[in-house]
Structures are given as C-alpha cells and as structure tokens.
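Please read the structure below before turning to the comments.
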Amino acid sequence: MLTPTRSAPGDEILRIEGLGKVYASGFQALQSVDLSIRRGEIFALLGPNGAGKTTLISIVCGLVNPSAGRVSVDGRDISRDWRATRSLIGLVPQELTSDAFETVWATVSFSRGLFGCAPDPAHIEKVLRALSLWDKKDNQLRTLSGGMKRRVLIAKALSHEPRLLFLDEPTAGVDVELRRDMWNLVRQLRESGVTIILTTHYIEEAEEMADRIGVINRGRLVLVREKAELMRELGRKHLTLQLQHALPELPPALHGLGLELGADGAELHYTYDTQDQGAGMGALLEKLREQGVAFRDLRTTESSLEDIFVGLLHGSQA
C-alpha cells in the first residue's frame, strides 16, 4: 500500500465556481457548475452520455479551456498557476492508449518525467507494487490483459505523486472479479491520502465506494449529496405481504392507503419513504387485522442508488 499522507478531514482540495463551456459549434456542455471537493474523499460523478462529465474533468485537468467560471486546486487557480495545479492532478482516461512496445517500467517512469519530477525509482517501485504490477515491470504493454493495462494507466497517473486523482470510467469493459479488485485499489489510494473523483456508468460502483454522489445532466449539476443522506432522503422501501388467503379485490376500508393487490390477489404491495421510521406501519397492520386480512410472510426491499439516479434524471428533464 502507498504511504499514508492524509490531511485534515474536511479540508477543500478542489473548488469549481460558475463553470461553463460552450463549444465552437454552439453546444453548451456545462452551465454554471458549482462544486467543492473535500480532501481525502471519494466523489462519484454520475450522468448519462453527453451530460458533461468528461468536459468538466478536461477543464480541471487543463485539457479544455472554460468559457466561464473559475477552478482552483489546493487554493491555486488553474488558469493563472496552471503548471503547479496540473502537477497536483492525476488523470486516468477511459481510452487504453499507450505505446504497445514500451515496458511497464519505462512508460510509468516516463510519465513522471513529463511533470518535471526528478527520477525516483523507489517511488515507481512502490506504485507498481501497490497496483500488483511489479512482476510485470519488464513486460511490454502489448502483452498485458485489458485489466492490467488499466492498472498501468493508474500507475502513470500516480507516477508524479498527485493529490487529486480523476478516474474516468475506471472499470469500463472489465469483468466483475477484476472490477471488485479495482474497487479495493481505489479504497487503498484514498487511505494513502489521494482524493478521488470517479465517473462511472456502473451505479453499483458509486454505491459501493463513494462518500458523496454528484449527478450531472445536460451540463447542469442536478444534485450533490452524501451517499447515505441521498439514499435516506430519496430512497423508498417496498413492503410485500404474502396473504394466507387470496383476495378477489381490496376491501373498501383499505382504499386510499396506497395498497395494491398482486399475484392474482395473493399479495399486498405497499411503498413508503425510507424516512418513515415505522410510525405508520403498525397502524397499517392493525387496519389489515381489523379487516380480517391475514398474511403468512412479509418482505421489504429498499431503493437502490440506480432507482434514485433514474428518478433524478427524469426529474431534471421535466
């Protein structure tokens, strides 16, 4: 694992204010985006294709010029102090682009030199070992699997010891087992003091790893929340009661309670907010008892982050 270098919790490492981008074609990729990233957190940026995720990352990394707004990294403006701010950032792009005939050691060492850093074989070795690449250090990149090539991209991004790491779709095209290995790696990087911003199409990836969630759609930041708070506020629970005797229809006394019959009358379904701590559940079950509706089993399910995400996108397009 990389050596821990954690800073004070809650300290801000990235601030984005009023960020906008209009391309020459007239397409507005970003509209007045405001965002603050805390040092040492994992922040997941979710959004459909064309939402503005890659444009936002490209601006912060100095690859695209903004049309409006201001971005500062560790208190430094990316436009006025671009060389210093760029050295604080690592970027792992979606594309697996590399010199196929270069060795792992050479390509990672070269990336460090691109940022004006003095050679440091000990650091390169530490990074390669942390990414389980040490035994591949002399292999040409063309001989590596897709998953290993992604690890090399991360190693290149970490070669100059950045404080802020962008992972753009880090597990795209990776099998499930390797994806979980990558999740563990991201957690290790966070524990070493690296702040991580990831974009992903895998909702479970954000649900598994992120401290906070941001949703962007049509160039606007729709929402930023602590993951647990988001799921508590916007999530819903679904109660299914398996009845002892099927009902031909819902008794009139149960109308208006949000109950629905299913499975040819053999089940009752009830959906409620997760913020409901059960205050109304006892009354509901008592109402069923009064009407002679007995059940033999019940189960509850809770909204996933994907359910919440889809709901937010529909809301932002209304």
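The values are calculated or read from the model by the stated rules, or taken from the named source; none is laboratory data. A quick note: this is a predicted structure, and the numbers were derived from the prediction, not measured. No Cβ is skipped: glycine too gets one built from the backbone with ideal geometry, and neighbour counts run over all protein chains shown.
Taking the range 76-107 as the region of interest, how many residues are free of Cβ contacts under 8 Å to residues at least 60 places away in the same chain and either in a loop (DSSP other than H, G, I, E, B) or under 26 Å from the mean Cα position of the chain (by Cα) (or both)?
Quick first cut of the range 76-107, residues free of Cβ contacts under 8 Å to residues at least 60 places away in the same chain only: 76-86, 95-107.
Those left that are additionally either in a loop (DSSP other than H, G, I, E, B) or under 26 Å from the mean Cα position of the chain (by Cα) (or both): 76-81, 85-86, 95-102.
Residues that pass the stated criteria total 16.
Name the pairs whose Cβ atoms lie under 9 Å apart, with the first residue in the range 190-207 and under 15 Å from Leu158 (Cβ atoms) and of a type in the set (D, E, K, R), the second modelled with pLDDT under 85 and surrounded by 24 or more Cβ atoms within 10 Å (Cβ to Cβ), and 6 or more positions between them or separate chains?
As it stands, the answer is none, since no pair meets every condition given.
Per-residue answers, yes or no, for (1) farther than 26 Å from Lys149 by Cβ; (2) among the charged types (D, E, K, R); (3) at pLDDT 90 or above; (4) not assigned by TED's automatic domain parsing to the domain that holds Trp134:
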position: Ser32; (1), (2), (3), (4): yes, no, yes, no
position: Ile37; (1), (2), (3), (4): yes, no, yes, no
position: Gly47; (1), (2), (3), (4): no, no, no, no
position: Val60; (1), (2), (3), (4): no, no, yes, no
position: Arg83; (1), (2), (3), (4): yes, yes, no, no
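Mind checking which residues of the range 36-66 are out of contact with any Phe, Trp or Tyr (no Cβ under 7 Å at 6 or more places or on another chain), over 13 Å from Thr199 (Cβ atoms) and buried (at least 19 other Cβ atoms within 10 Å of the Cβ)?
Arg39, Gly40, Ile59, Pro66
Identify all residues within the range 177-206 that are over 9 Å from the mean Cα position of the chain (by Cα), more than 16 Å from Glu226 (Cα to Cα) and not hydrophobic (A, V, I, L, M, F, W, C); write none if there are none.
Filtering the range 177-206 for residues over 9 Å from the mean Cα position of the chain (by Cα) gives 177-196.
When the remaining residues are screened for being more than 16 Å from Glu226 (Cα to Cα), the result is 177-194.
Those that are over 9 Å from the mean Cα position of the chain (by Cα), more than 16 Å from Glu226 (Cα to Cα) and not hydrophobic (A, V, I, L, M, F, W, C): Glu177, Arg179, Arg180, Asp181, Asn184, Arg187, Gln188, Arg190, Glu191, Ser192, Gly193.
Can you name every residue in the range 55-75 that is over 23 Å from the mean Cα position of the chain (by Cα) and on the phi > 0 side of the Ramachandran plot?
Of everything in the range 55-75, those that are over 23 Å from the mean Cα position of the chain (by Cα) and on the phi > 0 side of the Ramachandran plot turn out to be Gly69, Gly75.
Report, by residue number, each residue of the range 207-222 that is over 10 Å from the mean Cα position of the chain (by Cα) and surrounded by 19 or more Cβ atoms within 10 Å (Cβ to Cβ).
Applying the first criterion (over 10 Å from the mean Cα position of the chain (by Cα)) to the range 207-222 yields 216-222.
The answer is Ile216, Asn217, Gly219, Leu221.
What number of residues within the range 65-99 satisfy the criterion of being of a type outside the set (Asp, Glu) and touching a strand residue (DSSP E or B) at 6+ places or on another chain (Cβ under 7 Å)? Outline the logic, then answer.
So in the range 65-99, the residues of a type outside the set (Asp, Glu) come out as 65-73, 75-76, 78-80, 82-94, 96-98.
Okay, now just the ones that are also touching a strand residue (DSSP E or B) at 6+ places or on another chain (Cβ under 7 Å), so 66-73, 78, 84-85, 88-94.
Looking only at that region, the number is 18.
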